[in-house]
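Notes for the one structure printed next.
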Amino acid sequence: MYEHPPVNKKNKSVAVAESVLKSVEALRKEGTEPTFNAILAYLSSRRILSNHRSLRAYLDTMLKSGLLSLRKEPVKQPNVRPRQVYSLTGGGPFIEAGERAMLFHGLNWTVPSRSSIKMKTDIEGLARARIAQGTVYGSLEDAIVETLAKSKNSQRVFRALTFGAAMLATKKFNRAYLMRRAKERRVEDLVQGLLDEINYLRESPKPEVDDIRTLYAIRKRLVNNARVPLRLKSRKFMLSPDEMVDVIGKQLGVK
């Protein structure tokens, strides 16, 4: 299993992130170097952000994503840290959103290639991202959508759907955000199909699967997960119900 150290799972505020960026430009326009302390004072005076650690988390994420750059200026006083001066780069933000990101989010799978997808995102995508070992990993929703969007042949699509099924069935996610990103990347039908198949396995009174024992073990493990209304399956999906049971069962360790 591929493991990462635990990280803070709480999303950052999009409004605060936008204010941090605006503060850098606003300080420069008024002739003040946007140092860490100057940015904090600017945000604090406007009752946006006053916590040192919180600001550091925002700035670090923006730095690692390529949205900001940092210049350290030495000071004359002895034993005083160099001044940290921030600048907008004009690029980014970039996040890691491939299979590596799904591994980061807990994909319990052996992935030989661990494909990397570096994608440009917006402030909301960055606010939902997490830093681990110097990498800015996109949200689970972005990782699933982008992996599907970048899959250019049936074999890659099948593999992406397999990983997506394992994660969407067992992890918490924001459905509205997931579907919005899926629509933007033109994989809405694939993502909706995954959700429909997962709901079918969880809710159908007479599911058409062979491995009933694993199915009921899955249902028992997912009993506390949020439910959405069951939609009737209208077409054949790339992953059969039995393949879905196999995938989800392996992710949960019940098969």
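Modelled with pLDDT of 95 or more, touching a strand residue (DSSP E or B) at 6+ places or on another chain (Cβ under 6 Å) and either among the charged types (D, E, K, R) or over 16 Å from T89 (Cα atoms) (or both), is that true of K22? In short, no.
Without any contact (Cβ under 8 Å) to a residue 12 or more places away in the chain, at negative phi and not in a loop (DSSP other than H, G, I, E, B): is that true of K183 in this structure? It would help to see each step written out before you state the result.
Details: without any contact (Cβ under 8 Å) to a residue 12 or more places away in the chain: yes; at negative phi: yes; not in a loop (DSSP other than H, G, I, E, B): yes.
When the stated conditions are applied, K183 passes them.
Taking only region 141-151 into account, find how many residues are surrounded by fewer than 24 Cβ atoms within 10 Å (Cβ to Cβ) and within 26 Å of L63 (Cβ to Cβ).
1
Scan region 70-95 for residues that are surrounded by 15 or more Cβ atoms within 10 Å (Cβ to Cβ) and either on the phi < 0 side of the Ramachandran plot or in contact with a Phe, Trp or Tyr (Cβ under 9 Å, 6 or more places away or on another chain) (or both) and jot them down.
Here is the first cut: in region 70-95, the residues surrounded by 15 or more Cβ atoms within 10 Å (Cβ to Cβ) are 83-86, 88, 92-95.
Hits for region 70-95 are R83, Q84, V85, Y86, L88, P93, F94, I95.
Of all residues in region 186-220, those being in contact (Cβ under 8 Å) with a residue 12 or more places away in the chain and aromatic (F, W, Y) number 1. Given the criteria in the same structural domain as M102 (by TED's automatic domain parsing) and under 18 Å from R128 (Cβ atoms), does R221 qualify? In short, no.
Checked against the criterion of being among the aromatic types (F, W, Y) and modelled with pLDDT of 95 or more, region 235-253 has no qualifying residue.
Evaluate region 122-129: report whether one residue or more is assigned to a loop (DSSP other than H, G, I, E, B), touching a residue at least 60 places away in the same chain (Cβ under 8 Å) and either surrounded by 18 or more Cβ atoms within 10 Å (Cβ to Cβ) or of a type outside the set (D, E, K, R) (or both). First the steps, then the outcome.
From region 122-129, those assigned to a loop (DSSP other than H, G, I, E, B) are 122, 128-129; that's our starting set.
Subsequent filtering for residues that are touching a residue at least 60 places away in the same chain (Cβ under 8 Å) retains 128-129.
Checking the rest, the ones that are also either surrounded by 18 or more Cβ atoms within 10 Å (Cβ to Cβ) or of a type outside the set (D, E, K, R) (or both) come to 128-129.
Yes.
Among the residues making up region 7-52, those that are of a type in the set (V, I, T) and under 30 Å from K172 (Cα atoms) are V7, V14, V16, V20, I48.
For region 32-88, the tally of residues that are among the hydroxyl-bearing types (S, T, Y) and free of Cβ contacts under 8 Å to residues at least 40 places away in the same chain stands at 7.
The values are calculated or read from the model by the stated rules, or taken from the named source; none is laboratory data. This structure is a prediction, so every number in the text was calculated from the model and none was measured. As a convention, Cβ positions derive from the backbone with ideal geometry for all residues, glycine included, and neighbour counts pool all protein chains shown.
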